[in-house]
Amino acid sequence: MKDIKNVLYISALASESRVAEVYHHTRTNPGFAVQKFSRLLVRGLIKNGVKATALSSPANTARHGAVVSTVRESENGIDYIYVPFVNIKYVKQVCAFLYIFFYVLIWGFKNNEHKTIICDVLCISSSSAALLASKINRLTSIAVVTDICGLKEVNEKKTLLSRFCTAINSTYSKSFNKYILLTEQMNKLVNPKSRPFIVMEALCDSELISEPSKTIQKTYPRTIIYAGGIFEKYGLKMLADGFIKANVKDAKLVYYGSGTFADEYKEMCKRNSNLEYRGVAPNEIIVEEERKASVLVNPRFTTEEYTKYSFPSKNMEYMASGTPLLTTKLPGMPKEYYPYVFLFQEETVDGYANAIRKALSHSEFELKSLGYKAKQFVLLNKNNIKQGRRIVMLLNGWIDN
């Protein structure tokens with residue numbers, strides 16, 4: 001097999017400046033975590049000698065009904081192509097499907113033995129179009145599976161559209177040639193034909209390896225930070241109740257993000273001065289605050305079915321910050337991570353309270369030491385250049401399960 005030299009990455013990835021623009025205009029989260037994951041993946045491929053281009057249908061700020069033409073831009077070594085569309089609900093998705101189908105079809109006919117497509121399977125219109133085109137021009141297709149569509153809403157009322165999207169996703173996601181999975185448990189669901197795959201639970205920025213070390217002034221009072229979706233089902237109410245019950249002197253709990261539990265949490269903040277809600281913020285601001293915190297936390301319940309099929313990107317970001325992580329024993333988190341984090345032993349209010357007390361009972365030196373060890377572990381073993389090398393090995397058939 002000839003080496004793959006050219007990759008189209010099909011997703012919603014946009015340049016950092018475009019993501020910042022969307023946030024500036026909407027003040028909503030344009031998918032900071034997903035954007036960061038995809039950008040690091042593409043940079044990892046480029047660092048391993050692959051020409052990788054992002055073909056995307058990203059979030060936008062166009063007025064309703066506006067016709068937006070194809071946009072091309074380059075930023076920090078990545079070339080972006082944004083599909084044209086008419087900004088009308090559903091019409092935009094049809095535009096994306098048609099444009100990406102014909103783009104991939106034509107792109108793949110010449111020298112297709114040196115080319116491949118990598119698709120974020122959660123981008124349904126874009127990925128299904130690219131996959132269909134690849135079946136015609138015989139391009140190798142790789143699926144990036146960061147989540148199982150529909151699992152998080154298993155106990156919620158689903159709309160007809162959401163059920164349709166879940167059905168479409170579960171059908172076409174099984175038809176790729178190779179897979180990049182976040183957890184081993186995903187393989188049985190999305191890869192029933194046992195095609196080649198790798199497990200890449202997450203990746204962190206290789207540039208942090210060469211980042212000059214500097215003394216971080218920790219926030220006082222000692223701060224525990226959570227950043228992500230603000231939902232009760234993610235353990236956030238129990239965490240807040242546990243923090244209050246822990247009654248740790250000179251400490252506060254801070255939430256960043258948005259979600260259905262946000263309003264209730266704001267009310268809890270009014271009654272408890274050691275709770276704070278900071279809403280949605282750009283990733284660079286959150287990362288800076290994470291470095292200043294004493295502990296970072298992920299209280300997500302392990303009893304939910306979807307936790308077997310996810311490795312929260314926030315865990316990787318937390319560990320790369322150099323601030324120690326307190327987390328539940330998520331099924332999708334390999335046990336090799338355990339020596340580098342604090343763990344909740346029981347998913348109850350008392351269990352969360354005990355774990356918080358124990359974590360904050362450590363001296364500042366001990367907290368910094370654990371945070372440093374966690375940072376070194378992920379930077380040396382999970383950085384995007386090393387993970388990119390594994391993807392290149394998968395592309396070229398050097399990994400065959």
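Looking at (1) charged (D, E, K, R); (2) closer than 24 Å to Ile4 by Cα; (3) in contact with a strand residue (DSSP E or B) (Cβ under 9 Å, 6 or more places away or on another chain), which is the one condition that is false for Lys92? Condition (2) is where Lys92 drops out.
Asn177 - would you say it is closer than 20 Å to Met333 by Cα and modelled with pLDDT of 90 or more? For Asn177, the condition - closer than 20 Å to Met333 by Cα and modelled with pLDDT of 90 or more - is not met. Annotation note: of Phe37, Phe101, Phe85, the sole residue that is closer than 28 Å to Ala202 by Cα and of a type in the set (A, V, I, L, M, F, W, C) is Phe37.
Can you find a residue in the stretch 27-46 that is part of a loop (DSSP other than H, G, I, E, B), touching a residue at least 24 places away in the same chain (Cβ under 8 Å) and either touching a strand residue (DSSP E or B) at 6+ places or on another chain (Cβ under 7 Å) or hydroxyl-bearing (Ser, Thr, Tyr) (or both)?
Step one: list which residues in the stretch 27-46 are part of a loop (DSSP other than H, G, I, E, B), which gives 27-31.
From the residues that got through so far, the ones that are touching a residue at least 24 places away in the same chain (Cβ under 8 Å) too are 27-31.
Restricting the remaining residues to those that are either touching a strand residue (DSSP E or B) at 6+ places or on another chain (Cβ under 7 Å) or hydroxyl-bearing (Ser, Thr, Tyr) (or both) gives 28.
Yes, the conditions are met somewhere in the stretch 27-46.
Restricting attention to the stretch 169-194, which residues are open to solvent by 60 Å² or more (accessible area, probe 1.4 Å) and without any contact (Cβ under 8 Å) to a residue 60 or more places away in the chain? Spell out how you get there, then give the answer.
Kept after step one, since they are open to solvent by 60 Å² or more (accessible area, probe 1.4 Å), are these residues of the stretch 169-194: 171, 174, 184-185, 188-189, 192-194.
Hits for the stretch 169-194 are Thr171, Lys174, Glu184, Lys188, Pro192, Lys193.
Applying a threshold of 8 Å to beta carbon distances and a minimum spacing of six or more residues, or different chains, the list of pairs starting in the stretch 374-397 at a residue that is of a type in the set (Phe, Trp, Tyr) and ending at one that is surrounded by 17 or more Cβ atoms within 10 Å (Cβ to Cβ) reads Phe377/Met319; Phe377/Tyr337; Phe377/Tyr340. Give the residues of the stretch 1-21 that are among the hydrophobic types (A, V, I, L, M, F, W, C), assigned to a helix (DSSP H, G or I) and out of contact with any Phe, Trp or Tyr (no Cβ under 8 Å at 6 or more places or on another chain), sorted by residue number. Hit for the stretch 1-21 is Ala20, nothing else. Residue pairs whose Cβ atoms lie under 6 Å apart, sitting 6 or more positions apart in sequence or on different chains, and linking a residue in the stretch 1-22 that is of a type outside the set (Ser, Thr, Tyr) to a partner that is buried (at least 22 other Cβ atoms within 10 Å of the Cβ) and at pLDDT below 90, are Val19/Pro30; Val22/Pro30.
Whether a residue is surrounded by 14 or more Cβ atoms within 10 Å (Cβ to Cβ) and in contact with a Cys (Cβ under 8 Å, 6 or more places away or on another chain) was assessed, and Phe101 does not pass this test. Checking the structure you have, find out if any residue of the stretch 234-243 is open to solvent by 60 Å² or more (accessible area, probe 1.4 Å) and out of contact with any strand residue (DSSP E or B) (no Cβ under 8 Å at 6 or more places or on another chain). No - not one qualifying residue is present in the stretch 234-243. Restricted to the stretch 253-371, the set of helices (runs of 4 or more DSSP H) holding at least 1 residues that are touching a Ser or Thr at 6+ places or on another chain (Cβ under 9 Å), modelled with pLDDT under 95 and open to solvent by 10 Å² or more (accessible area, probe 1.4 Å) comprises 283-292, 313-321. Within the stretch 196-218, the residues that satisfy the criterion of being part of a loop (DSSP other than H, G, I, E, B) and surrounded by fewer than 19 Cβ atoms within 10 Å (Cβ to Cβ) are Pro196, Ile209, Ser210, Glu211, Pro212, Ser213, Lys214, Thr215, Ile216, Gln217, Lys218.
Select, from Ile100, Ile106, Ile117, the only residue that is part of a helix (DSSP H, G or I), more than 26 Å from Thr61 (Cα to Cα) and at pLDDT 95 or above.
On the way: Ile100 fails: more than 26 Å from Thr61 (Cα to Cα); Ile117 fails: part of a helix (DSSP H, G or I).
Being part of a helix (DSSP H, G or I), more than 26 Å from Thr61 (Cα to Cα) and at pLDDT 95 or above holds for just one of Ile100, Ile106, Ile117, which is Ile106.
Pairs only if they're at least six apart or on different chains, beta carbon under 7 angstrom, first in the stretch 142-154 and of a type in the set (Gly, Ala, Ser), second modelled with pLDDT under 85; list them, first residue then second. The qualifying pairs are Gly150/Thr166.
If the requirement is being without any contact (Cβ under 8 Å) to a residue 60 or more places away in the chain, touching a Pro at 6+ places or on another chain (Cβ under 7 Å) and within 30 Å of Val22 (Cβ to Cβ), which of these qualifies: Thr307, Thr302, Thr327? Reasoning before the result, please.
On the way: Thr302 fails: within 30 Å of Val22 (Cβ to Cβ); Thr327 fails: touching a Pro at 6+ places or on another chain (Cβ under 7 Å).
Being without any contact (Cβ under 8 Å) to a residue 60 or more places away in the chain, touching a Pro at 6+ places or on another chain (Cβ under 7 Å) and within 30 Å of Val22 (Cβ to Cβ) holds for just one of Thr307, Thr302, Thr327, which is Thr307.
Considering each residue of the stretch 219-227 in turn, at least one proves to be within 22 Å of the chain's Cα centre (by Cα), crowded, with 18+ Cβ neighbours inside 10 Å and of a type outside the set (Val, Ile, Thr).
For the structure I just gave you, tell me whether Arg72 is surrounded by fewer than 20 Cβ atoms within 10 Å (Cβ to Cβ), of a type in the set (D, E, K, R) and either assigned to a strand (DSSP E or B) or in contact (Cβ under 8 Å) with a residue 40 or more places away in the chain (or both).
Working: surrounded by fewer than 20 Cβ atoms within 10 Å (Cβ to Cβ): yes; of a type in the set (D, E, K, R): yes; either assigned to a strand (DSSP E or B) or in contact (Cβ under 8 Å) with a residue 40 or more places away in the chain (or both): yes.
For Arg72, the condition - surrounded by fewer than 20 Cβ atoms within 10 Å (Cβ to Cβ), of a type in the set (D, E, K, R) and either assigned to a strand (DSSP E or B) or in contact (Cβ under 8 Å) with a residue 40 or more places away in the chain (or both) - is met.
The values are calculated or read from the model by the stated rules, or taken from the named source; none is laboratory data. In this text the structure is predicted, and so the values were computed from the model without any measurement. Methodologically, a virtual Cβ is constructed for each residue, glycine included, from the backbone with ideal geometry; neighbour enumeration extends over all protein chains shown. Remember, those area values only see protein heavy atoms, side chains included, never the ligands or the DNA or RNA. Shrake-Rupley method; radii C 1.70, N 1.55, O 1.52, S 1.80 Å.
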